[in-house]
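Participant: This is the structure I have questions about; it appears just below.
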Amino acid sequence: MKRLGFIHDMMDVKVLILFVAARVQYPMTAQEVYELCYQDECLSYFDVCTALPEMVASGHMTQSEDERYTITEKGKEHGKLTEDSLAFSVRQRAENAIDKFNRQLRRQSFVKSKVVPRESGEYSVVMTLDDEMGNLMTLELMAPNQRQALRLGKLFEDKAEMTYNLIMTQLLDTEEYDD
């Protein structure tokens, strides 16, 4: 049976992995490589899991101790030479997935929460919002149990910018205090 799609053999898989790895700003797990490369119905997780060790062995990718992959200079050079063999639609979908991935990981580096148990049996949730220049806000709230503390941390991570804007708006209300 003839395979539909644009990824037909292991070389196509490797070219796509190099294309993705050259544009990602952070090391990736095998699962993340697969998710970013899955732009064609013919690609399987097993293809990616087969290609990655081969690419590490050939010097196109490196693998860290925590099982994350990054592209090497050799991989970047060879990727530039071969990326034009990718179908336009696969490239476009991969670029969109890469942009989203980079934005998510960049945001995660700026928004953090940490649950700290207190001696009293309650929990503190330390939440931070940073930008390129440094810390914008550190907020610590008490929660009566771990479940609520984890929920507070997760909700802060989802709404950190809105929380920061609300606090700034309330504190800088010009009606009450004029400079």
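Participant: Order of 31-37, 109-115, 122-128, 135-141 by packing, highest average Cβ count within 10 Å first?
Facilitator: Values: 31-37: 20.1, 109-115: 15.1, 122-128: 17.7, 135-141: 12.9.
Answer by packing, highest mean first, reads 31-37, 122-128, 109-115, 135-141.
Participant: Here's a follow-up. Helix by helix through the chain, keep the DSSP H runs that span 24 Å or more along the axis on Cα and average at least 1.6 on Kyte-Doolittle, and give those back in order. Spell out each step's value before the answer.
Facilitator: On the way: long enough: 88-110 (33 Å, -1.22); 146-171 (30 Å, -0.41).
The answer is none, since no helix passes both cut-offs.
Participant: Now a separate question. Stretch MET11-ARG68 to full length: gain in nm at 0.36 nm per residue minus the Cα-Cα span?
Facilitator: Values: separation 57, 0.36 × 57 = 20.52 nm, distance 2.13 nm.
18.4 nm is the gain from fully extending MET11 to ARG68.
Participant: Between PHE88, PHE19, PHE156, which gets the highest mean-square fluctuation from a Gaussian network model of the chain, Cα cutoff 10 Å?
Facilitator: Highest fluctuation of the listed residues: PHE88.
Participant: A follow-up question, please. From the Cα trace of the stretch 118-171, what convex hull volume per residue do you get, rounded to a whole Å³? It would help to have the intermediate numbers written out before the result.
Facilitator: Details: hull volume 4.9 nm³, N = 54.
So the per-residue Cα hull volume is 90 Å³.
Participant: Return the long-range amide H neighbours of THR72 (sequence gap of 5 or more, or a different chain), with a cut-off of under 5 Å between placed amide H atoms.
Facilitator: Distant-sequence amide H within range of THR72: MET61, THR62.
Participant: Applying a 10 Å radius around every beta-carbon, put 160-173, 46-59 in order of their mean neighbour count, most first.
Facilitator: Working: 160-173: 12.0, 46-59: 16.3.
In decreasing order of mean packing, 160-173, 46-59 become 46-59, 160-173.
Participant: Cα to Cα, under 24 Å, and not fewer than 8 places away if on the same chain: which lysines meet these conditions relative to LYS112?
Facilitator: Output for LYS112: LYS100, LYS154, LYS159.
Participant: Something else: If r is the Cβ-Cβ distance from ARG147 to PHE46 and R0 is 35 Å, what FRET efficiency results, to the nearest 0.05? Display every interim value, and only then the final one.
Facilitator: Working: r = 38 Å, r/R0 = 1.08.
Approximately 0.40, to the nearest 0.05.
Participant: Work out the P(r) tail for the chain: percent of alpha carbon pairs separated by more than 27 Å, whole number. Can you show the working numbers first?
Facilitator: On the way: 7623 of 15931 pairs.
Roughly 48 percent, rounded to a whole number.
Participant: Comparing ASP99, ASP12, ASP66, which has the greatest mean-square fluctuation in the GNM of the chain with Cα pairs linked when under 10 Å apart?
Facilitator: Fluctuation is largest for ASP66.
Participant: Sequence neighbours fewer than 8 away in the same chain don't count; with that in mind, list the lysines whose C-alpha is under 17 Å from LYS14.
Facilitator: Correct list for LYS14: LYS74, LYS76, LYS80.
Read-outs: derived from the displayed coordinates by stated rules, not from any lab. Predicted model, so just to flag it, every value in this text is computed and none were measured. Counting neighbours? That spans all protein chains shown, and the Cβs are built from the backbone with ideal geometry, glycine included.
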